[in-house]
Amino acid sequence: MLRQAGSDAVLKMSWFWLYLPLHLLTVTCLCHSMKAPTTSSQQSFKTNLFNFYHSLILADGKETTIHLLKDIPKRYHFALEEGRVFAPFSITVTPCDVPIEWSILVYKPPPGKATPGDHDTQEVSKSQKTSSIASTIFNYKGNSVETYMGMSSHSALFLLEFLSTERDTHITVYLTTDTTSGHLYPELPADPRIDVIGIGHSTVTLTWKHSPSVLQHRESIQYCLLVNEKHNYKSLCAAETAIRSSGMKLPPTLALSLSPYLLEPQQVMILSNSELSIINKVSSGEVRQVCMGTKNTYTVPSLSPSTQYYFDVFIVNLLTNASAAYTGTFARTLEEPEPKVTELKDGKVIHVVLDGKKQKIYSLQYQARHKKIHFTFQLCRGQIRVHITRNGKTVVSENLSGLRHFSLKGKLLDTYLVQLRSTEEFNSSVKVQASPHFHKPLFPVLPESLKIKSFSKLRTCRSVTIAWLGTQEESKYCVYRKRIEEDEIWRELQSADRCSGPESRHKSEKVLCKYFYDLNLQRAVTTETIKGLEAGTLYLFDVYLFGPSGIPVRYHSKVVKTRKKC
C-alpha cells in the first residue's frame, strides 16, 4: 500500500509550479483591466493563491508528523496527476493531544480563458469563475481520528490547513493516492467495541472482535492494551502524549518499545506468559501497557479494589508502526470484602501468618473487661505493620520487629481492633497476646538488646567467647551452636523463626543452659566460652531466654568463624 513519492511527485510538482503562476498572471491581468473595486470573491481567490504559495508539500504514501503552534495555522498541499479520469485519494488525520481544526480546499482550473478586451463578459462571469476555482470540500473540529476519502475527475490542487486553538500540539497526517494496494493502518472490525466479560476485586476480563488484519498478517500485527485511571484515548498517539506530559519519558510506540534498557525509573516491566507489560507510576495513578500478540481476550490482574479503570485496545502494525484504536471502555472493580475478624481472648496467644505477596490485612478484635489492656507482639519472621484502634480511633500505628509491648488505658467494654500486614515481599509471622495489664505476662521481660556479641581477640582455633544482656529477673538461658557453610549464612539468618524454641533443634547442637540475673542492669551481662570447636570453621550461635511461663524468646543469631592457625 505504501508508495514512495518518487518520479510521480516530481511530475506533480513540475505541473503545479508551471500551472499555478499562469493562473495567477491571468488574475493579475484581470485586476488591472477592470476598473471596478475589488470584490470579496476576488480577495478570497487571491488569499487562496497566497496560501498555496506559502504551504509545504504533503508526501504521498507515508505518515507525516506535523507540529502545530497555538493559533498559528499550518498549510500543506498536494496535486492529483493530470490525465487520470478518476483520481481517488484518502487523507487520515490523527490528533495526538487536544482537539484541532482542519479543512481541505480544492483549486481547479476554470473551464476557459477570458478574451482580453471582452470586458462585459468578464464582468458578468468573473465572480462565478473565481468561486468555482477554489472551494472548501471538507472541514472538521475535534480530537478523533478522521479520514476523508475523495475522488476528482479533473487535475486539481488541494490545500490542507491545520489549526490548534488550545495549545501547542502535534498531529500525524497520512495521504495516499494509491487506494488499491491495501492500507497503512490495520483494519478494525465492523464492531470495534471492547466488551467487559468479567469483573473481580482486583481483575477485569476483556474481549474484542478480531481485526481482519490479524487474519491476513498475523506475524506483523499485534494487540496492545492501555489501562489507566483517568479516561479513554482515541489513538495510541494521544495516549503516548498524555503519558509523556505527566513528566515521564515514554518510548515511541507500545508495540516496538518494550525493551528493558528504555525504561525510566518510574517504569516497571513484567514478562509473563509471552506477554510484555510496562507499568508507569504517574501522579494520577498507574498507566499499564500490555502487548499480548494476537489474543483477543485478556484478564487484567493486580488492580485495586473499588477503583474505576479505563481500557483501550490498539491494533498495531509492527512493520509500519501504524495503529488503529478500538472504542475504549471502562469498568469499576468490586469492593474488597470486609476482612474476617478473629476474637482475641484474655491471655491467649494467637500465631498469625501474613501473606507478603498479596499484602492482605489480618484483623483481630478484643473487647476490654478492664480499663488497662496489655498487648504483646512477638515477631517470628520478617517485619510487620501493626495498627490498633480503640472504638474506631487510632492509638498505635507503627512497624514492628522483635518483641513489643503496648499498655493502653481506656474504659470498660472498649473495643480494640488490631490490624496486621507484612511489610516484606515474603511471608511474615507474629504471635499476639492481649490481657489485662495486671495479668501475669506469658512472655519474659526482655533486655535492652537481643544481640549476641563475640570477642575477636578471644577467638582461638578451638573456642569462641560470646556475651549477651540479661534482666533483673532470674531467667533461664540456653545456648545452641550449629556448624554451617559460607553459602548458607544468608539463608540461615533470613529463614530463622524467632518464635521457635529449642525443641526444634537437634540435641547435639545444645551447648549449655544457665540461670542468670542482676538487679543492676549495668552489670546484667553474661559471657560464655564455647570450646571443642574445629579450626577455620563457621558456627551459628543462638541464645534462648525462658520466662516464668516457659515461652522462649530467641536472641538474634550470631555467626562466628574460628581461627585457622593458632
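Checked against the criterion of being among the polar types (S, T, N, Q), within 26 Å of T147 (Cβ to Cβ) and modelled with pLDDT of 90 or more, the candidates T253, T297, T333, T329 yield just one match: T329. Would you say T394 is polar (S, T, N, Q), open to solvent by 50 Å² or more (accessible area, probe 1.4 Å), modelled with pLDDT of 90 or more and in contact with a Lys or Arg (Cβ under 8 Å, 6 or more places away or on another chain)? So T394 does not fit the description; no.
For region 518-536, a residue qualifies if it is in a loop (DSSP other than H, G, I, E, B), of a type in the set (A, V, I, L, M) and farther than 16 Å from L446 by Cβ, and the qualifying residues are L519, L533, A535. Consider region 283-292 and keep the residues that are of a type outside the set (D, E) and surrounded by 14 or more Cβ atoms within 10 Å (Cβ to Cβ). The one that is modelled with the lowest pLDDT is G285. When region 480-498 is filtered for residues that are hydrophobic (A, V, I, L, M, F, W, C), touching a Leu at 6+ places or on another chain (Cβ under 8 Å) and outside any helix (DSSP H, G or I), only I484 remains. Provide a single number: the residues in region 440-479 that are aromatic (F, W, Y), open to solvent by 20 Å² or more (accessible area, probe 1.4 Å) and outside any loop (DSSP other than H, G, I, E, B). Number satisfying all stated conditions: 0. Return yes or no: is C461 among the hydrophobic types (A, V, I, L, M, F, W, C) and either farther than 24 Å from K564 by Cα or free of Cβ contacts under 8 Å to residues at least 40 places away in the same chain (or both)? When the stated conditions are applied, C461 does not pass them.
Would you mind stating whether V430 is of a type outside the set (S, T, N, Q) and either over 48 Å from the mean Cα position of the chain (by Cα) or open to solvent by 60 Å² or more (accessible area, probe 1.4 Å) (or both)? When the stated conditions are applied, V430 does not pass them. Output the number of residues of region 357-371 satisfying the condition of being closer than 12 Å to D346 by Cα and among the basic types (K, R). So the count comes out to 1. Summed over region 317-336, the residues that are part of a loop (DSSP other than H, G, I, E, B), more than 30 Å from K62 (Cα to Cα) and open to solvent by less than 70 Å² (accessible area, probe 1.4 Å) give a count of 1. Cβ separations smaller than 7 Å between residues 6+ apart or across chains give the following pairs from region 285-297 residues that are more than 10 Å from V227 (Cα to Cα) to residues that are assigned to a loop (DSSP other than H, G, I, E, B) and modelled with pLDDT under 90: C291/L254; C291/A255; C291/L258; G293/S274. For first residues located in region 206-231 and within 15 Å of Q308 (Cβ to Cβ), partners that are surrounded by fewer than 22 Cβ atoms within 10 Å (Cβ to Cβ) and of a type in the set (G, A, S) and lie 6+ apart or on another chain with Cβ distances below 6 Å form the pairs E229/G285; K230/S284. Which members of region 480-529 meet the condition of being hydrophobic (A, V, I, L, M, F, W, C) and either loosely packed, with under 13 Cβ neighbours inside 10 Å or more than 22 Å from R459 (Cβ to Cβ) (or both)? If the condition is that a residue be hydrophobic (A, V, I, L, M, F, W, C) and either loosely packed, with under 13 Cβ neighbours inside 10 Å or more than 22 Å from R459 (Cβ to Cβ) (or both), then W490, A496, C499, L512, C513, F516, L519, L521, A524 are the ones that fit.
Might you let me know whether region 532-555 holds any residue that is in contact with a Cys (Cβ under 6 Å, 6 or more places away or on another chain), over 21 Å from E448 (Cα atoms) and among the hydrophobic types (A, V, I, L, M, F, W, C)? Yes, region 532-555 contains a residue that is in contact with a Cys (Cβ under 6 Å, 6 or more places away or on another chain), over 21 Å from E448 (Cα atoms) and among the hydrophobic types (A, V, I, L, M, F, W, C).
Give E485, E473 a once-over and let me know the one that is acidic (D, E), in contact (Cβ under 8 Å) with a residue 40 or more places away in the chain and farther than 30 Å from E424 by Cα. Going through E485, E473 in turn, the sole match is E473. When the residues of region 337-375 are filtered to those that are among the charged types (D, E, K, R) and more than 34 Å from the chain's Cα centre (by Cα), the one that is most open to solvent (accessible area, probe 1.4 Å) is R369.
The values are calculated or read from the model by the stated rules, or taken from the named source; none is laboratory data. All figures in this text were calculated on a predicted structure; none of them were measured in a lab. In this analysis, Cβ positions are derived from the backbone assuming ideal geometry, glycine residues included, and neighbour counts consider all displayed protein chains. Heavy atoms of the whole protein, side chains included, go into the accessibility calculation; ligands, DNA and RNA do not. Shrake-Rupley method; radii C 1.70, N 1.55, O 1.52, S 1.80 Å.
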